[in-house]
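Following: one structure in structure tokens, then a few remarks.
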């Protein structure tokens, strides 16, 4: 199937929508005895040690080249274990980035040339031990460049990170909807990754156009069970030029620890994955260059908008690392507590900045942000559309919509008790016309990326945040006619959290 087709994405999206009827008539019970492992474990591989990341340190200087030390920081604050939480079934390792259901189905792989303290090779990051599993020895960066069709920023990379999703680890709870979560949860990890790279002076570039199976072969993953979501090219001023691409990599047949006793297959996931895949580097280049990058479709004039207050100052690397360490997912908000408009402004401004990417706008967003405001000092409660380019809020209608928000967000108290809820919607039709089925991946991932940045901004301000799921069509209807025809990609609520004693 050509990447230009868009039928599979439409079918998958419709089939995986939540509605009050679907939630009540399709029961699903969690088989706790068969819960998947939260880690991919290679018991027999050689381990390449990383540098332990101290809990407190001086601001790192802008690096002139990549080292194992700054790679260790990047990996830890993207996917590492930052603390342990107590809950009814024991202690849970809590990761640096938010993940649906705390199931941690997104894996990190490193494809690198030689850097100070680390040989060239293909590695898997094991957050349990904060080490790298060595999968292949040698410089395979050129194969990654070929898979992207020679994407300019990829061609100059010193290293690549590849994010993959292991379907069953998330589908155990969320069934076929887990394919959406693959991009949501990769997006929240990318929010951390780009924040750490920016604060540490390490340029990074997101690549979503790549030949899927070429990457799968290099990483030696079973594409029926685990697939690549995104690549990130990491610049290195001191890098050595990549050697010509080695011959096609041989299968490794490395042993991995079984995730659980049995697995349930959800063919809808594999179908939309295959239909949105690119077959070659040439396909990736054509996909990337076939038209202009899509952007938000919000329209408005300055006279109709309430402009943001000045955003909060940028965090230095040590402050950012502290924010990531303390970040959680709020389990309850103080219903009567308010946040300041300056706080809301900082969250919106920070979360909707552009990112260096092959298929996302650099100065604005692809998704259209909407906000339900409950308790923000200096702003009337109501429904708003946020305009990222103009940095202003458009009042759609004023009123107390706590009960509406609670209903829309799968009847969860968190949404009604929060100070505000941020929804990321997108007009799928022009997006799929431009990017084909793969455009669905792009929109879902940007929704997660914006949500992940909102998480970081909220915790930097001393607030709390949590991602929530939703009744798809009901959200669109609530924000209509302004949002007519759009689809929800992501939702994050934020406010003053109820004090928790779960950290250990």
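The values are calculated or read from the model by the stated rules, or taken from the named source; none is laboratory data. Remember, it's a predicted structure, so these values are computed and weren't measured experimentally. Using ideal geometry, Cβ is built from the backbone for each residue, glycine included, and neighbour counts are taken over all protein chains shown.
Of the numbered criteria (1) at pLDDT 95 or above; (2) under 30 Å from residue 226 (Cβ atoms); (3) not assigned by TED's automatic domain parsing to the domain that holds residue 84, the one residue 325 fails is (1). Just one of the listed residues (430, 481) is out of contact with any strand residue (DSSP E or B) (no Cβ under 6 Å at 6 or more places or on another chain), in contact (Cβ under 8 Å) with a residue 60 or more places away in the chain and more than 14 Å from residue 333 (Cβ to Cβ), namely 430. Quick check on residue 96: is it within 30 Å of residue 406 (Cα to Cα) and touching a strand residue (DSSP E or B) at 6+ places or on another chain (Cβ under 6 Å)? Yes; evaluated as a whole, the condition is true for this residue. Taken over the stretch 368-391, the criterion of being surrounded by fewer than 20 Cβ atoms within 10 Å (Cβ to Cβ) and either modelled with pLDDT under 95 or in a loop (DSSP other than H, G, I, E, B) (or both) is satisfied by 378, 380, 381, 389, 390, 391.
Of all residues in the stretch 450-460, none satisfies being over 18 Å from the mean Cα position of the chain (by Cα), part of a strand (DSSP E or B), touching a residue at least 60 places away in the same chain (Cβ under 8 Å) and closer than 22 Å to residue 346 by Cα.
The criterion of being assigned by TED's automatic domain parsing to the domain that holds residue 81, surrounded by 21 or more Cβ atoms within 10 Å (Cβ to Cβ) and at pLDDT 90 or above holds for residue 273. Sort out which residues of the stretch 474-494 are in a helix (DSSP H, G or I) and out of contact with any helix residue (DSSP H, G or I) (no Cβ under 7 Å at 6 or more places or on another chain), and write them in order of number. Of everything in the stretch 474-494, those that are in a helix (DSSP H, G or I) and out of contact with any helix residue (DSSP H, G or I) (no Cβ under 7 Å at 6 or more places or on another chain) turn out to be 476, 477, 479. With respect to the stated conditions, residue 424 fails to be part of a loop (DSSP other than H, G, I, E, B) and either closer than 20 Å to residue 471 by Cα or within 22 Å of the chain's Cα centre (by Cα) (or both). The sole residue among 304, 365 that is closer than 18 Å to residue 393 by Cα, in contact (Cβ under 8 Å) with a residue 12 or more places away in the chain and surrounded by fewer than 22 Cβ atoms within 10 Å (Cβ to Cβ) is 304. Flag set for residue 257, criterion: in a loop (DSSP other than H, G, I, E, B) and either touching a residue at least 60 places away in the same chain (Cβ under 8 Å) or in contact with a strand residue (DSSP E or B) (Cβ under 6 Å, 6 or more places away or on another chain) (or both). Confirm whether residue 153 is part of a helix (DSSP H, G or I), farther than 20 Å from residue 12 by Cβ and within 18 Å of the chain's Cα centre (by Cα). For residue 153, the condition - part of a helix (DSSP H, G or I), farther than 20 Å from residue 12 by Cβ and within 18 Å of the chain's Cα centre (by Cα) - is not met.
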